[in-house]
Amino acid sequence: MVKITSAFDSGAIEVLSLDDPANIRLRLRKDNAADFHQWFHFRLTGAAGLPLRMVFENAATAAYADGWHGYRCVASYDRQNWFRIEGTRYHDGQLVVEHVPERDSVFYAYFEPYSHERHLDLVARAERSPQVRLRNLGLTVEGRDLDLVTVGGDAPGRMPVWIIARQHPGETMAEWFVEGLLERLLDPADPVARKLRAQAVLHIVPNMNPDGAVRGNLRTNAAGRNLNREWRAPDPVASPEVFLVRAEMERTGCGLFLDIHGDETLPYVFFSTAEEVPSFTAAAAAAQARFIEAFLAASPDFQTTEGYKPGRFGEELLTLASKWVANHFGCVSLTLEMPFKDNALLPDEAVGWNGARSKRLGAAMLDPILRHVATCSQPTLDSAILQETNT
């Protein structure tokens, strides 16, 4: 008998009918306290060798229905290796997935998941490094820890760099990105990482929205707040995640800010930049251009031709993290977007864009960060590296 379950970390689906494996009827489940829906993650059992046809009936009302065009569902038998299903199509307002599973247990998801257990493993692994200080900034709406990983000491002259990820919990590629960035940043043999640790202090929030991630939400926290619309005036009760991070950022200052996301529609890696913020200056434009140029050199996955059109955010502009930071601190402040589908510049038919590719992009980000830090501040590098070696 075919069964579908989703009662696990980031699980989300509504089952309408399982009577016929060739006509399984499903609905995308809404965020727990908001109407956004697009994320799905479920386990199907009892169908080895059976031709399945799964129909997501409310795909047309999803948060980003245009994102279904060219999209392919991901699947895994072991929850470690995820692949794309060729038999995915969007037709007459419904997402249809046709697949013949090889085994009796198979997981399907909107994108390769990043579990809360993996998050906890990531921060625990990072804390083993002598270069890391792990702090609990406070609690989320539902009482989960909001983790801050700080790399590098508080020596005078070191630039404060802030990197946050997964304000939108369904954008799991963002935490895969952070995992790759942290692995390289903490590699004692990597020369770029060594120089960066000597010149900057990096404050990294791997998951801004643990509640939404565990619940299987697409865009909101447990109180139904879109955290990337809370930065102008965060509510300490309904959006404590932003309130706590913003307060710590005010304490430390910020010389570079990166907010890591995924985009449902565009099959590219790109930045949302800061030209539209009121305080944007010619000097800020030059620094931003240098950073973008360095990232282009560091990763062929990144491009600057495709991206968001000017005016996209309208009056909401300064409620967004990177726009508020750019306006408030006057530093280079960017939102990085990765695709849910594939990177059209370098397509991979088997996996599309996935966790491993997100990790490599995160590792590549160290190069433009170092260039930015080295250009904007000139501490005594040799003594800083010597101090790190001795500790």
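The values are calculated or read from the model by the stated rules, or taken from the named source; none is laboratory data. As the structure is a prediction and not an experimental result, all values here were calculated from the model. Because the Cβ atoms are built from the backbone with ideal geometry, glycine has one as well, and the counts that use them run over all protein chains shown. The area values use the complete protein model at the heavy-atom level, side chains included, leaving out ligands, DNA and RNA. Shrake-Rupley method; radii C 1.70, N 1.55, O 1.52, S 1.80 Å.
Quick notes on this structure:
- Whole-Å distance, taken between Cα centres, linking the range 92-143 and the range 243-280: 22 Å
- In the chain, helical runs assigned H by DSSP with n ≥ 4 each contribute -39500 (n - 2.57); averaged across all residues and rounded to the nearest 500, the mean residue ellipticity at 222 nm is -8500 deg cm²/dmol.
- Efficiency of FRET between Ala374 and Thr304 - r from beta-carbon atoms, R0 25 angstrom, step 0.05: 0.70
- Electrostatic dipole magnitude of the chain [Cβ: Lys, Arg +1; Asp, Glu -1; Cα centre; debye, to 20]: 440 debye
- Computed in the context of the full set of protein chains, the accessible area of the chain at 1.4 Å probe radius has 50% of its extent on carbon or sulfur.
- Considering only the chain, percent of DSSP beta bridges that pair antiparallel, nearest 5: 60 percent
- Each of His203, Val96, Asn217 was placed along the dipole of the range 81-239 (beta-carbon charges, centred on the mean Cα), and the one lying farthest toward the positive end is His203.
- Largest mean-square fluctuation among Ala233, Ala222, Ala109, in a Gaussian network model of the chain whose springs join Cα atoms under 10 Å apart, belongs to Ala233.
- Length available on full extension from Arg232 to Gln94: 0.36 nm per residue minus the Cα-Cα distance, which gives 46.0 nm.
- Centroid-to-centroid, using Cα positions, the range 348-378 and the range 1-78 are 32 Å apart.
- Cleavage-rule hits, GluC sites (Glu not before Pro), the range 42-135, DSSP coil, Cβ neighbours within 10 Å at most 13: Glu86, Glu102
- Mean separation of Cα contacts under 8 Å (6+ apart) over length of the chain, as relative contact order %: 18 percent
- Between the beta carbons of Phe313 and Ala289, assuming R0 = 25 Å, the FRET efficiency works out to 0.75 to the nearest 0.05.
- Under the combined filter of DSSP loop state and at most 16 neighbouring Cβ atoms within 10 Å, the range 1-43 retains these chymotrypsin sites (Phe, Trp or Tyr not before Pro): Phe8.
- Average accessible area per residue (Å²) across the chain - probe 1.4 Å, nucleic acids and ligands excluded: 40 Å²
- Under the shape rule built on the C-alpha gyration tensor, where the axes satisfy a ≥ b ≥ c, the range 228-290 is oblate, since a/c reaches at least 1.5 while a/b does not exceed b/c.
- For Gly138, residues with placed amide H under 5 Å, excluding near neighbours: Leu146
- Aspartates and glutamates with Cα under 19 Å of Lys3, excluding same-chain neighbours fewer than 8 positions away: Glu14, Asp19, Asp20, Glu57, Asp78, Glu98, Glu102, Asp104
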